Amino acid sequence: MGLNLDEKKDVVAEVSARMASAQTIVLAEYSGLPVTHLTRLRAQARASGVYLRVLKNTLVRRAVQGSVFASLAEQMTGPLIYAISDDPVSAAKVLNDFAKTNDKLVLKAGSFAGELLDKAGVQALASIPSRDELLAQLLGIMQAPVAGFACALSALAKQREEAVS
């Protein structure tokens, strides 16, 4: 049974609200994907903070009208799953990682900061470290001089103790 007009309006409003704060949208074809695999993909998306949903293309086209993601409308054909994320790389990373292990999920297109991305562009976006990974790397870089200084002080203290005894 199809959606009535009010339900369609609710879906368009929900997707529009998600897109208002989103930085990235990725589209992938999912034909032939078993339900168990789709359930696993949804769990991975939920854990990464990605809004993942199978939607009617016409409803999503309405939702993207007038937004920075309007250029994606031409790509919305066939059975698609939509990944929307506030984080620039999460949506691309979740779908790309899943597509590597499952040939039934095929990346189709994406949009980041108003730029239309093809499959290669989505894969390149997915290869960028996430915000948390970048912060951890930065913290490691900032900690290295302090840790080195502490080790040097410790070595000096040991030398002094050995010299005194």
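The values are calculated or read from the model by the stated rules, or taken from the named source; none is laboratory data. All values reported here derive from a predicted model rather than from experimental measurement. Here the Cβ is made from the backbone with ideal geometry for all residues, glycine too, and neighbour counts use every protein chain on show.
Name the pairs whose Cβ atoms lie under 9 Å apart, with the first residue in the range 79-103 and in contact (Cβ under 8 Å) with a residue 24 or more places away in the chain, the second buried (at least 22 other Cβ atoms within 10 Å of the Cβ) and of a type in the set (Asp, Glu), and 6 or more positions between them or separate chains?
none
Criterion first (assigned by TED's automatic domain parsing to the domain that holds SER111 and over 30 Å from LEU134 (Cα atoms)) does ASP87 satisfy it?
Values: assigned by TED's automatic domain parsing to the domain that holds SER111: yes; over 30 Å from LEU134 (Cα atoms): no.
Answer is no for this residue.
Considering the range 12-29 alone, what residues qualify as being among the hydroxyl-bearing types (Ser, Thr, Tyr) and buried (at least 20 other Cβ atoms within 10 Å of the Cβ)? Please lay out each step first, then the result.
Narrowing the range 12-29 to residues among the hydroxyl-bearing types (Ser, Thr, Tyr): 16, 21, 24.
Scanning the range 12-29 gives a single hit, THR24.
Mind checking which pairs have a first residue in the range 129-147 that is surrounded by 11 or more Cβ atoms within 10 Å (Cβ to Cβ) and a second that is of a type in the set (D, E, K, R), Cβ under 8 Å, 6 or more apart or different chains?
SER130/ASP87; SER130/LYS93; ARG131/ASP87
Assess whether LYS108 counts as being of a type outside the set (Phe, Trp, Tyr), farther than 17 Å from ILE25 by Cα and in contact (Cβ under 8 Å) with a residue 40 or more places away in the chain. Can you show your working first?
On the way: of a type outside the set (Phe, Trp, Tyr): yes; farther than 17 Å from ILE25 by Cα: no; in contact (Cβ under 8 Å) with a residue 40 or more places away in the chain: yes.
Considered against the rule, which asks whether it is of a type outside the set (Phe, Trp, Tyr), farther than 17 Å from ILE25 by Cα and in contact (Cβ under 8 Å) with a residue 40 or more places away in the chain, LYS108 comes out as no.
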